[in-house]
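Derivation of every value follows stated rules applied to the coordinates shown; laboratory data play no part. If you're wondering where the values come from, they're calculated on a predicted model, not measured in any experiment. So basically every Cβ, Gly included, is an ideal-geometry build from the backbone, and we count neighbours across all protein chains shown.
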Amino acid sequence: MQLAKNHLDIGLFTNNKDEMLHFWQEEIGLTFDHLGKLGGGVHQHRHFLGDGPTGPILKINHARDPLIDAGPSGYQCLILARDGISETIEKTDPDGNKVMLVPTGYQGVSTIGVQVATSSLADFIQFYNTAMEFPKTESLGAVRINCGETVLIAEQSPDLPKDIPYLAKGYRYLTAQIFEADNTHAQIIQSGGIEGAPPRTLGTTVRFSFVRDKDGNWIELSERTTLTGKAV
């Protein structure tokens, strides 16, 4: 897969806008980017996780309507590399989402990483390494997938529920910024990915779709004009 941005983004949903924004901006120190209106009463508060718009983004999606509390998805913890610290610092946001601040280089993380629970390491590798075409590394029994500069760290969890909803509280999806949404979506489905939502166009800025891994976690495929340099 050819990435249009050398990082993945991560999206969460909340009904708790003010407390969540305070936590991520004041306690974690993220810089606000801009507000996007997604429709259906959902406003996306985008925050930089790295160096500006070409780096990874945290999408805090505030929903007007009450969200279900479905428990954590397979995206268990956001890992943020920080220069100047020598040990890991674990925090939890007001909705219970876990975030870990780590020394740069921890588990191969130079910018961000995501701990991903999986019911099957073989299925995890087949999807992210084969269908998504991201390289993998293994060391000391840990499986890591390198999505550009974003690192996915697999953790075996046999009890992970299979039916993971998209619209619910917590970390819900990752976003890969790519150059061609339709062909990439089709190739991933043909290689064993699960259909999430077919490609569609939003305004004049982005064409996007969703696929799901073998555990049901959601991945957005986004062809964004500002990153690809071509119209959608």
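Among THR111, THR31, THR204, whose mean-square fluctuation peaks in a Gaussian network model of the chain (Cα, cutoff 10 Å)?
THR204
From the P(r) of the stretch 3-228, could you give the percentage of C-alpha pairs in the tail past 22 Å?
Percentage above 22 Å: 49.
Counting only DSSP beta bridges with both residues in the chain, what percent are antiparallel, rounded to the nearest 5?
Working: 50 of 74 bridges.
Around 70 percent antiparallel, to the nearest 5.
Given axes a ≥ b ≥ c from the Cα gyration tensor, I'd like to know whether the stretch 46-142 is rounded (a/c under 1.5), prolate (a/b larger than b/c) or oblate.
Cα axes put the stretch 46-142 in the oblate bin.
Using the 10 angstrom Cβ neighbour count as an exposure proxy, how do HIS22, HIS185, HIS45 rank, fewest first?
On the way: HIS22 12, HIS185 24, HIS45 21.
Least to most surrounded, the residues fall as HIS22, HIS45, HIS185.
At 0.36 nm per residue, minus the direct Cα-Cα distance, what do ILE89 and ALA197 gain on full extension? Give it in nm, one decimal, please.
Residue separation times 0.36 nm, minus the Cα-Cα distance, leaves 35.3 nm.
Have a look at LEU121, PRO199, VAL102 and report the one farthest towards the positive end of the charge dipole of the chain, computed about the Cα centre with Cβ charges (Lys/Arg +1, Asp/Glu -1).
Sorting the options by dipole projection puts first PRO199.
Would you work out the charge dipole size for the chain about its Cα centre, treating the Cβ of every Lys and Arg as +1 and the Cβ of every Asp and Glu as -1, and quote it to the nearest 20 debye? Before the final figure, lay out the partial values.
Numbers: 20 positive and 28 negative charges, 116 e Å.
For the chain, the charge dipole is close to 560 debye.
Which distance in Å, rounded to a whole number, links the C-alpha centroids of the stretch 98-146 and the stretch 1-60?
Each part reduced to its Cα centre gives a spacing of 21 Å.
What order do you get for VAL42, VAL206, VAL211 when you list them from fewest to most C-beta neighbours inside 10 Å?
Ascending Cβ contact count within 10 Å gives the list VAL42, VAL206, VAL211.
Which residues' amide hydrogens lie under 5 Å from the amide hydrogen of ILE85, considering only partners 5 or more residues apart or on another chain, with H built in the peptide plane?
Residues meeting the amide H criterion: THR104.
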